[in-house]
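Visitor: Sharing a structure, written as structure tokens. Questions coming.
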Amino acid sequence: MFARRFRDLHPYVPGEQPTDREYIKLNANENPYPPAPAVREALDSFDIALFRRYPDPDAHALRRGIAAMLGNGITEEMIIAGNGSDEILSFVFYAFFDSDAPLLFPAHTYSFYPVYAGYYSIPFERIPLEKDFSINLDSYLERPSSGVIFANPNAPTGRYLSPAEIRRFLERYPADRVVVVDEAYIDFGGESVVSLIREFRNLVVIRTYSKSFCFAGARLGFAVADPELIQALFTTKNSFNHFPVDALTQKIGLAACENWPYYKAINSELAQTRDWFSGELRALGWEVVPSLANFVFVRKPGFTGDEVYRAIKAGGVLVRYFDHPGIEEFVRISIGTPDQMRTLLAIMEGITRI
Ligand SMILES: Cc1ncc(COP(=O)(O)O)c(C=O)c1O
């Protein structure tokens, strides 16, 4: 009854969404703030009659708006939008990574990468992180590869590479193979490498509305790259689903990117909360990996990550624990409002007294 390929699927497991009680939810890197008021207005003025029609398959107006927001000479032809960046990643894996040499990505990174590699039968190799969890791009040059993908800042560690470091890598990496930088968390203090796309035709930057644009429930993500690569992603999309972004999401997505100063303000507040929370945790004896994302990766010496996760959950807060060798002592904590983080701090202070 089932296809052979189906038996080999190992699906991605998202952060839990339990319903047994009310939790402060800090386990999926969602933004604690509401979308911009202009998004509410766009929603309220949406013409319901448009639901009768299929949406613009290529999301022209939205892509023009995103291009204007990004600046750096980026044009509509250099952007494709999709149903969350997960879908965009799926198109990228399908279109650019082959089986003649492994795809390289960090040993600890977004756990959808190995899932898509498995889905499309792309061999892959996990490259160890440095002791401090940073990505050493030099080690990606030392082995054969059909492409490279990493998140910057990386997840679940939060560690960040500067555009100068990524440029140095791109200058030495073969220009006929694609390098994907997944910038899901770039808006919390990092600097995008979108500015390098005109120079490096093999660079693909992936962005999502889910985190910095408070849109996880609306499902919107996009890729930015040279028009030739974007055309390949359109061919892939149109071989799978012509209409991945519905009419309503196209409209509110445009309203959101036209109001990026609002998001800049809330995300810089969030970054301040992150830095304050990290300092408080360190003062309590926790190890906190330096993060430029909207989460921190922490451990308490003497405790397993699972114990910490359970103790925090018992206190009414959900965080994320990964049962992966090498990071099993850590939990990943999304940054919420200052009030939520104060509640969590009180719980974590209690853990030190067990
Ligand atoms: C590094 C990274 N990339 C991509 C995604 C996917 O985001 P979405 O599909 O919501 O756009 C996530 C989600 O957590 C992520 O952590």
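Read-outs: derived from the displayed coordinates by stated rules, not from any lab. Source: prediction; values computed, not measured. All Cβ positions, glycine included, derive from the backbone under ideal geometry; neighbour counts span all protein chains shown.
Visitor: So what is the 222 nm mean residue ellipticity for the chain from helices alone, if each DSSP H run of at least 4 adds -39500 (n - 2.57) and you divide by all residues, rounding to the nearest 500 deg cm²/dmol? Don't skip to the answer; put the middle values down first.
Guide: Details: 11 runs with 126 residues, N = 354.
Result for the chain, helices only: -11000 deg cm²/dmol.
Visitor: Using the Cα centre as the reference, give the magnitude of the dipole from point charges on the C-beta atoms of the chain (Lys, Arg: +1; Asp, Glu: -1; all else neutral), rounded to the nearest 20 debye. List each step's numbers first, then the result.
Guide: Details: 36 positive and 44 negative charges, 80 e Å.
With only Lys, Arg, Asp and Glu charged at Cβ, the dipole is about 380 debye.
Visitor: Kirkwood hydrodynamic radius (Cα pairs, Å) of region 37-259?
Guide: So the Kirkwood estimate lands at 17.8 Å.
Visitor: Sticking with this one: Please name which of Pro163, Asn259, Phe215 has its Cα lying farthest along the dipole of region 37-259 towards the positive end, using unit charges on Cβ (Lys, Arg +1; Asp, Glu -1) and the Cα centre as origin.
Guide: So the residue we want is Phe215.
Visitor: To the nearest 20 debye, what charge dipole does region 188-290 have about its Cα centre, counting +1 at the Cβ of each Lys and Arg and -1 at the Cβ of each Asp and Glu?
Guide: The dipole of region 188-290 has a size of about 240 debye.
Visitor: Straight-line reach from Lys313: which lysines have a Cα under 27 Å away, not including same-chain ones fewer than 8 places off?
Guide: Cα-Cα hits under 27 Å: Lys25, Lys211, Lys300.
Visitor: List Val289, Val13, Val298 from most exposed to least, where exposure is judged by having the fewest other Cβ atoms within 10 Å.
Guide: Details: Val289 21, Val13 9, Val298 24.
Taking fewest neighbouring Cβ atoms as first place, the list is Val13, Val289, Val298.
Visitor: Still on this structure: I'd like to know which of Leu345, Leu270, Ile135 lies farthest towards the positive end of the charge dipole of the chain, counting +1 on Cβ of Lys and Arg and -1 on Cβ of Asp and Glu.
Guide: Leu345
Visitor: Tell me, what HN-Hα J-couplings in whole Hz come from the Karplus equation 6.51 cos²θ - 1.76 cosθ + 1.60 at θ = phi - 60° for each residue of region 125-131, using x for Gly and Pro?
Guide: Once θ is set to phi - 60°, the couplings for region 125-131 become 9, 8, 9, x, 7, 5, 4 Hz.
Visitor: Please order Ser134, Ser210 by the number of other Cβ within 10 Å, starting at the fewest. Present the calculation step by step, with values, prior to reporting the outcome.
Guide: Numbers: Ser134 17, Ser210 22.
Ranking Ser134, Ser210 by Cβ neighbours within 10 Å, fewest first, gives Ser134, Ser210.
Visitor: Right, here's the next one. Could you list Glu349, Glu329 so that the one with the fewest beta carbons within 10 Å of its beta carbon is first and the one with the most is last?
Guide: Working: Glu349 14, Glu329 18.
So the ranking, lowest neighbour count to highest, is Glu349, Glu329.
Visitor: Give me the aspartates and glutamates in straight-line cross-link reach of Lys251: C-alpha distance below 15 Å, same-chain residues under 8 apart excluded.
Guide: Glu41, Asp44, Asp47, Asp56, Asp58
Visitor: Once amide H atoms are placed 1.01 Å from N in the peptide plane, what residues at a sequence separation of 5 or more from Val317, or on another chain, have their amide H within under 5 Å of its amide H?
Guide: Ile24
Visitor: To continue, here is another question. Obtain the nm distance between the two label points defined at Arg201 and Glu165 by a simple spin-label model: each point lies 7 Å from its Cα along the Cα-to-C-beta direction.
Guide: Inter-label distance under the simple model: 2.9 nm.
Visitor: What helices in the chain pass both tests, a Cα length along the helix axis of 18 Å or more and a mean Kyte hydropathy of 1.6 or higher, using whole DSSP H runs?
Guide: On the way: long enough: 84-96 (19 Å, 0.95); 260-283 (34 Å, -0.78); 338-351 (20 Å, 0.32).
In the chain, no H run is both long and hydrophobic enough.
Visitor: In terms of Cα to Cα distance under 16 Å, which aspartates and glutamates are near enough to Lys131, apart from those fewer than 8 places away along the same chain?
Guide: Result set, ordered by chain and number: Glu287, Glu328, Glu329.
Visitor: Additional query: What are the ³J(HN,Hα) values, in whole Hz, obtained from phi via the Karplus relation 6.51 cos²θ - 1.76 cosθ + 1.60 with θ = phi - 60°, for each residue of region 285-298 in sequence order, with x given for Gly and Pro?
Guide: Couplings: x, 8, 8, 10, 5, x, 10, 10, 9, 9, 8, 10, 10, 9 Hz.
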